[in-house]
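Asker: Submitted below is the structure of interest, expressed as structure tokens.
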Amino acid sequence: MKWKHYLICAILIIVGMVCGIELFRILDIKSGEYGSVFVYDELNSYQEFSKFDYGIIDFATDDFVNYTSITTYANQDFDGTKSDYYLFFNGRPLNNVTQTAGKISGDLIIKFYDLDGIVITTAQLNFTVEYLANSTKVTIATHNQNNSISYLNAYMNINGAVLKVVL
């Protein structure tokens with residue numbers, strides 16, 4: 001009967017060592033840099049025309065796929081035919097910026113990565129600022145693809161949401 005006790009103790013010691021090694025691997029902390037630094041246009045070299053500070057954008061939806069936010073502000077004197085305007089969201093310039101006499105619009109793609117640097121999902125935001133006679137209307141639209149709206153809300157909780165129109 002003694003040899004069985006020795007065998008059981010040996011098996012328990014081996015299992016304990018294997019579990020200890022695996023626990024060490026799980027709890028091992030690694031330091032690293034994920035992604036790369038991308039330099040945008042300097043916002044400081046532009047003159048700010050309008051600033052819309054949302055904090056967190058309150059999106060509305062009817063079908064849980066298309067999300068929009070429409071906000072109105074006081075009117076401003078905007079003439080898109082006289083000067084070139086640019087849009088920045090959280091300091092990042094928007095792409096495909098188009099402007100007319102009373103409207104400027106652009107879009108921005110925000111990519112969300114996991115810890116291994118692999119893209120989980122992307123959120124494409126479409127911004128439209130309309131300078132009307134009695135108000136300024138800002139419309140932000142996005143599509144929820146691969147749960148991108150949840151990642152976008154987490155992004156805004158950390159970074160906020162500031163849209164700037166600059167000269």
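Asker: Only one of these conditions is not met by L12: (1) over 30 Å from K137 (Cβ atoms); (2) modelled with pLDDT under 90; (3) surrounded by 10 or more Cβ atoms within 10 Å (Cβ to Cβ). Which number is it?
Answerer: (2)
Asker: Working only within region 51-84, note down all residues that are over 22 Å from T142 (Cα atoms) and surrounded by 13 or more Cβ atoms within 10 Å (Cβ to Cβ). Step through it out loud before you land on a result.
Answerer: Initial filter on region 51-84 (over 22 Å from T142 (Cα atoms)): 74-84.
Those that are over 22 Å from T142 (Cα atoms) and surrounded by 13 or more Cβ atoms within 10 Å (Cβ to Cβ): N75, Q76, F78, G80.
Asker: Still on this structure: Which residue, of I158, I140, I149, is assigned to a helix (DSSP H, G or I), of a type in the set (A, V, I, L, M) and buried (at least 17 other Cβ atoms within 10 Å of the Cβ)?
Answerer: On the way: I158 fails: buried (at least 17 other Cβ atoms within 10 Å of the Cβ); I140 fails: assigned to a helix (DSSP H, G or I).
Being assigned to a helix (DSSP H, G or I), of a type in the set (A, V, I, L, M) and buried (at least 17 other Cβ atoms within 10 Å of the Cβ) holds for just one of I158, I140, I149, which is I149.
Asker: Considering I109, I104, which residue is β-branched (V, I, T), modelled with pLDDT of 90 or more and closer than 17 Å to A161 by Cα?
Answerer: Working: I104 fails: closer than 17 Å to A161 by Cα.
From the options I109, I104, the qualifying one is I109.
Asker: Answer yes or no as to whether V129 is open to solvent by less than 20 Å² (accessible area, probe 1.4 Å) and in contact with a strand residue (DSSP E or B) (Cβ under 8 Å, 6 or more places away or on another chain). Write out each step before concluding.
Answerer: Details: open to solvent by less than 20 Å² (accessible area, probe 1.4 Å): yes; in contact with a strand residue (DSSP E or B) (Cβ under 8 Å, 6 or more places away or on another chain): yes.
So V129 fits the description; yes.
Asker: Step by step: first the residues of region 41-50, then only those that are at pLDDT below 75 and closer than 11 Å to Y86 by Cβ, then the one that is least open to solvent (accessible area, probe 1.4 Å). Which residue is that? I'd like the intermediate steps shown before the answer.
Answerer: Kept after step one, since they are at pLDDT below 75, are these residues of region 41-50: 41-44.
Narrowing the set further to residues that are closer than 11 Å to Y86 by Cβ leaves 41, 43.
Working: D41: 87, L43: 43 Å².
Checked region 41-50; the qualifying residue least open to solvent (accessible area, probe 1.4 Å) is L43.
Asker: Out of all the residues in region 117-142, which are over 23 Å from Y86 (Cα atoms) and either basic (K, R) or in contact (Cβ under 8 Å) with a residue 12 or more places away in the chain (or both)? Please lay out each step first, then the result.
Answerer: Step one: of region 117-142, the residues over 23 Å from Y86 (Cα atoms) are 117-121.
Answer for region 117-142, where residues must be over 23 Å from Y86 (Cα atoms) and either basic (K, R) or in contact (Cβ under 8 Å) with a residue 12 or more places away in the chain (or both): G117, I120, T121.
The values are calculated or read from the model by the stated rules, or taken from the named source; none is laboratory data. Note that the coordinates shown come from a computational prediction; the quantities given were computed from them, not determined experimentally. Cβ sites come from the backbone with ideal geometry, for glycine too, and all protein chains shown count toward neighbours. In case anyone asks, the SASA skips ligands and DNA or RNA and just uses the protein heavy atoms, side chains included. Shrake-Rupley method; radii C 1.70, N 1.55, O 1.52, S 1.80 Å.
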